[in-house]
Structure formats: C-alpha cells, structure tokens
C-alpha cells in the first residue's frame, strides 16, 4: 500500500505540474487513492506519455516555466496597480530575461560570457536565426522600458510599465 501511495502521489504531482492541460486527468488519480491500481490510471498515464511525446501537451518544463512567469507577471500587475510601477517594471524585465535565457538553453545557443545579460541572450538568439530582426527589435524595446525601471529613471511612466507588462505576457505566451 505504501508503494502505491507513493506512486499515486507522484502521478498527482505530475498532473498538477501540467496545469490546465492536466485538469481532465485529475479525477482519475484522486478518486482512486487507497484502492488497488486501476487500469484506468495506467491507461491514463500511457495516454499522457503519448500526448507528451507527440507534442500535444507541450514540454512539461515549458508548462511549469510558463506558469511561474505568468504568476510573476500577475504579481507585477498588482504592484503596478498599487502604484509601485518601478518594481513592476523591474519584475517584468526579469521575467523577459529569464524567458530568453530558457529559450537560449532550449535552442542550445552558446553564449560567449559567463554572466550573460538580456542583451546577450537577445543578440545570440537572433544570430542563431531563432527569430528575425523584427522580434529582436521588439525585445529591445521591451528591455529599454525594463532597464529604465531597473535604473529608476525619472522619465519612466506607469503607462509605459503597463504596456510592458502586457507585451511581456503576450511575448512569453507566444514564444513558449
């Protein structure tokens, strides 16, 4: 029974990490807790494995990363709405940089520095033909607003940060 409980808990955790993509599978594992391993659970795991391999659910790591980034952006939006737009801009810039870092790692882009910056990721991804010049220019525009927040530039406005939050959210969702 202990081995089954451990296995079942692991399955429930996996389903949780799938986020919205795992909602349809949640009941199968929660309802079966404490009983012998039903064939429905094994069949569900086999289906999930096939769906993941086929790219139907996306990469689990990407899904988790997207959830984390979107959660941070929600926090930034709350900060922005409360008048802390500088902090919101810094957080949005950090999300953008971490997203580009993960994208570079996934694409196996090699960077020439041990401490890469947002600009390093942006340039390296473009040079590797991961995205066109127009996408690079869009990233640079978002980064400029984020940099203004990071350096607490007086000319930065809350409207610019609000736009940055929208653009970073859209960018992360579009380029998972």
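Values in this text are rule-based calculations from the coordinates and carry no lab data. As the structure is a prediction and not an experimental result, all values here were calculated from the model. Heads up, the Cβs are rebuilt from the backbone with ideal geometry, glycines too, and the neighbour counts pull from every protein chain shown.
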Fewest-first sequence of 69, 14 by Cβ atoms within 10 Å of each Cβ: 14, 69
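Test of understanding: what is the full-extension gain from residue 111 to residue 141, defined as 0.36 nm times their sequence separation minus their Cα-Cα distance?
Result for the pair: 8.6 nm of gain on full extension.
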Ranking of 165, 72 by count of other Cβ atoms within 10 Å, fewest first: 72, 165
Ranking of 169, 3 by count of other Cβ atoms within 10 Å, fewest first: 3, 169
Cα→Cβ-extended label distance, 7 Å offset, between residue 24 and residue 151, nm: 5.0 nm
Euclidean distance of C-alpha centroids, region 62-102 and region 107-144, integer Å: 19 Å
Rel. contact order, % - alpha carbon contacts under 8 angstrom, at least six apart, region 60-174: 35 percent
